[in-house]
Amino acid sequence: MKIAIIGHGNVGGALAGQWLKAGHEIIVGARNPRSEKLERLLSKHPDITIMGVAKAAQTAEVLLIATPPEIATHLVEQWGNVNGKTIIDATNAVRKKPDPYPSAYHAFAALTEAEVVKCFNTTGFENMANPKYGNLSLDLFMAGDSDSAKAIARQLALDAGFADCYDFGKADRVELLEQFALAWINLALFQGHGRRIGFKLLKR
């Protein structure tokens, strides 16, 4: 797949590396192509293509959004027509929201004709770079109304090394999935367990 990563911080950088290894074409949409952060990413992954945000959105089939959630409406204005593309919202609007929407997912769903899914938001970037814990691999979770976007998100989760990507439900479960992300943040940071923890769904 041709994937545009909008937001090339820790999450975007980790997923870029995993998806490159899986054979995907990675484009980073950047406002400043000469930033130090982007230069560090390119030093690790020279096969990444750098474009402006609008051109990256137009070129790719899939958009992974790993920016602050409050700029979601501004991103839509930059992209232009993204009808039919898949947007994966990896943000968490737990502090700031893209008013008047409760989450970036809801902004993208309301303002575009794209297929939108919430995913890659429930664990830290270290786990996205390496989801293996001994003989087990962590799980991911997704929510949204688009079955086609969910199928793509699940495949990309598997390509990144996760064991599975479980469906949390439709758009009315997106905010619950963001609250689930807070459980990881609480345990990892506020309760002192550290960032090298993750979720695994076990069945008997």
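The table that follows gives values for the structure above.
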quantity: Residue match in region 94-112 (condition: under 13 Å from the mean Cα position of the chain (by Cα) and either closer than 26 Å to Gln155 by Cβ or among the hydrophobic types (A, V, I, L, M, F, W, C) (or both)); calculated: yes
quantity: Residue within region 197-204 that is in contact with a helix residue (DSSP H, G or I) (Cβ under 6 Å, 6 or more places away or on another chain), within 20 Å of Val11 (Cα to Cα) and not hydrophobic (A, V, I, L, M, F, W, C) present; calculated: yes
quantity: Lys55 vs. criteria without any contact (Cβ under 8 Å) to a residue 60 or more places away in the chain, surrounded by fewer than 24 Cβ atoms within 10 Å (Cβ to Cβ) and under 21 Å from Gly194 (Cα atoms); calculated: no
quantity: Test result for Ala110, modelled with pLDDT of 95 or more, among the aliphatic types (A, V, I, L, M) and surrounded by 15 or more Cβ atoms within 10 Å (Cβ to Cβ); calculated: no
quantity: Test result for Leu63, modelled with pLDDT of 95 or more and either in a loop (DSSP other than H, G, I, E, B) or under 18 Å from the mean Cα position of the chain (by Cα) (or both); calculated: yes
quantity: Residues being touching a residue at least 24 places away in the same chain (Cβ under 8 Å), hydrophobic (A, V, I, L, M, F, W, C) and out of contact with any strand residue (DSSP E or B) (no Cβ under 7 Å at 6 or more places or on another chain) - total across region 137-170; calculated: 3
quantity: Those residues of region 42-60 which are in contact with a helix residue (DSSP H, G or I) (Cβ under 9 Å, 6 or more places away or on another chain) and within 23 Å of Leu158 (Cβ to Cβ), in sequence order; calculated: Lys44, His45, Asp47, Ile48
quantity: So Ala16, is it more than 24 Å from Asp159 (Cα to Cα) and free of Cβ contacts under 8 Å to residues at least 40 places away in the same chain; calculated: no
quantity: Test: residue in region 120-132 that is aliphatic (A, V, I, L, M) and either touching a Lys or Arg at 6+ places or on another chain (Cβ under 6 Å) or free of Cβ contacts under 8 Å to residues at least 40 places away in the same chain (or both); calculated: no
quantity: Residue in region 172-181 that is free of Cβ contacts under 8 Å to residues at least 12 places away in the same chain and either exposed (fewer than 15 other Cβ atoms within 10 Å of the Cβ) or touching a helix residue (DSSP H, G or I) at 6+ places or on another chain (Cβ under 9 Å) (or both) present; calculated: yes
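The values are calculated or read from the model by the stated rules, or taken from the named source; none is laboratory data. Just so you know, these numbers come straight off a predicted model, no measurement behind them. So basically every Cβ, Gly included, is an ideal-geometry build from the backbone, and we count neighbours across all protein chains shown.
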